[in-house]
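To keep things clear, I will list the structure first and then write my remarks on it.
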Amino acid sequence: MMSKTESVFFKKYALIIIAVILPLMILSFLWFSSNKQKQVHNWLWTAARILSESENIVDYGEFARGFKDVRVTVVCRDGVVLADNRANAKKMDCHANRPEFLQAQETGFGEDIRRSQTTGKKTIYVMTKLKNGKFARLAQSTELTADFLVWLFAPILFLGLCLAVLMYAYAKNKQVERMRREFVANVSHELKTPLTSIKGFAELTATGLITKVDTVKDYQGKIVRQSDRLLAMINDILHLSKIESTKPKELVAVDTRAAAEQVKESLKLFADDKNITIQVIGGGSIIAEPEPIYHLIYNLAENGIKYGKNGGVVKILLDGKKITVADDGIGIPEEDIERVFERFYRVDKARSPERGGTGLGLAIVKHTVQKYNGTVTLKSGEGNGTQVYIEFKR
Ligand code: ADP
């Protein structure tokens, strides 16, 4: 699947690169084509003029074969071909009605540009009358050869490639910068909400005007809950930043069964609250670091409970390098599935904090999976539970 930077790149910059490279290729092709035509024309005429002055051509076959890059045909007065360095003269038809021959008979020189019957290429023919009354015709194609086109287009394509790399790096940089700005704005907003509540309840109790013990206790309870939320969020932000900013260090074979059992134990009270059963099935091992893998399974199982139905089941299925966490809870609407891995994205903004959500759990899962070269896919449907599939390579 294409990453966000790649899709931005293709939408914005690839078109610009194509718009620069393609006209450049067409223009250079046209320029070199017309230039070659002029060059061939001048060269053939110079050679024809020199030939028209030459005396003593005895062996026409040898004379014709002496030319390497140019086709030479020697024709006698009535148009019969005497020699040709590219074809068998005996098998060639009479050239009496060729335009360049008719002109050369009248003025001493003749020229025609047409597609050659022998090579099928656009060719310039220049004919001259020799001193001995015979005619010599010089012919050369004006088309650019495949070799030449490779040499012509290779630097242009290389230029395009360099441009693409530079623009891709620029797009990526811009994307990272935008994401950083958005993240800072989101973090500030997310932290502000519980902090505002804490400040509000703390101020109310500090006035001394609220004397009812129950109300004071209620406010203090709210302060504790909001502080817990704040702490959870800061922990998740730090966790995410650690995953992103550090490279894998000590890779070991992580026993996924042991990690899942540990997660089950840690989440037992939370699961019991909703009468949810956590099942750990199968086993496997992954070459990674133990703590991030534990966190990954924890986040997914915790979501399974948070968004699971009372009395439901959260399954942690382990199979070699694969980890699947499935629940039978509220599920995720189809239009939100693509976005739930984004930082702070919540399907139900109002209810996620109530459930203790920070909006960072799946972002942490995604970045952990990427860090150890794995893939993650999520399948869900509203009311039909959620399954998260993870597969590692090693
Ligand atoms: P949160 O801390 O809010 O749970 P996550 O990043 O873990 O944040 O998940 C993002 C959003 O995706 C959640 O707010 C929730 O709406 C949805 N979600 C995640 N896992 C599940 C699940 N197992 N079932 C239903 N919805 C889920």
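What is the mean projected area of the alpha carbon convex hull for segment 180-245, to one decimal in square nanometres?
4.7
Under a Cβ-only charge scheme (Lys and Arg +1, Asp and Glu -1), can you give me the dipole magnitude of the chain about the Cα centre, in debye to the nearest 20?
Dipole magnitude for the chain comes out near 760 debye.
Over all directions, how big on average is the projection of the convex hull of the alpha-carbon atoms in segment 252-392, in square nanometres?
Averaging across all directions leaves 7.2 nm² for the Cα convex hull.
Can you list residues whose amide H is under 5 Å from V80's amide H, if they're 5+ apart or on another chain and H is modeled 1.01 Å from N?
Under 5 Å from the amide H of V80 lie the amide H atoms of H95, each far enough along the sequence or on another chain.
Please report the antiparallel percentage of the DSSP beta bridges confined to segment 252-392, to the nearest 5.
75
About the Cα centre of segment 150-267, how large is the charge dipole given +1 on each Lys and Arg Cβ and -1 on each Asp and Glu Cβ? Please answer in debye to the nearest 20.
300
Among the helices of the chain (complete DSSP H runs), which have Cα atoms covering no less than 18 Å along the helix axis and a Kyte-Doolittle mean of at least -0.5?
15-53, 146-206, 213-245, 290-306
Using the beta-carbon distance between V184 and T145 and R0 = 41 Å, what value does 1/(1 + (r/R0)^6) give for FRET efficiency, to the nearest 0.05?
Working from the Cβ atoms, E equals 0.10.
If you wrap the chain's Cα atoms in a convex hull and average its projection over all directions, what's the area in nm²?
Approximately 33.3 nm², given one-decimal rounding.
Mean residue ellipticity at 222 nm from the helices of the chain, using -39,500 (n - 2.57) per DSSP H segment of n ≥ 4 over the full residue count, to the nearest 500 deg cm²/dmol?
Calculated mean residue ellipticity at 222 nm is -17500 deg cm²/dmol.
For the peptides 124-133, 87-96, what is the packing order when you average, over each peptide's residues, the other Cβ atoms within 10 Å and list the highest mean first?
For the peptides 124-133, 87-96, the packing ranking is 124-133, 87-96.
Using all C-alpha to C-alpha distances in segment 31-144, build P(r) with 10 Å bins and read off the rounded percent in each one.
Calculated P(r), rounded to whole percents: 15, 51, 30, 4, 0.
From the phi angles alone, apply the Karplus equation (6.51, -1.76, 1.60; θ = phi - 60°) to segment 325-333 and give each ³J(HN,Hα) in whole Hz, x where the residue is Gly or Pro.
Each residue's phi maps through the Karplus curve to give 10, 10, 10, 10, x, 5, x, 10, x Hz.
If you average 1/r over every pair of different alpha-carbon atoms in segment 188-297 and take one over that average, what Kirkwood value in Å do you get?
17.4
Check which residues have an amide H placed less than 5 Å from V280's amide H, if you skip close sequence neighbours.
I316
Using the per-residue mean of other Cβ atoms lying within 10 Å as a proxy for protection, in what order, highest first, do the peptides 254-266, 59-71 fall?
254-266, 59-71
Could you please state, rounded to a whole Å, how far the C-alpha centre of segment 112-177 is from the C-alpha centre of segment 315-394?
Rounded to whole Å, the Cα centres lie 55 Å apart.
Just so you know, all these numbers are worked out from the coordinates, no wet-lab data involved. Here the structure is a predicted model, which means the values were calculated and not measured. Here Cβ is always computed from backbone atoms with ideal geometry, including for glycine, and neighbour counts include all displayed protein chains.
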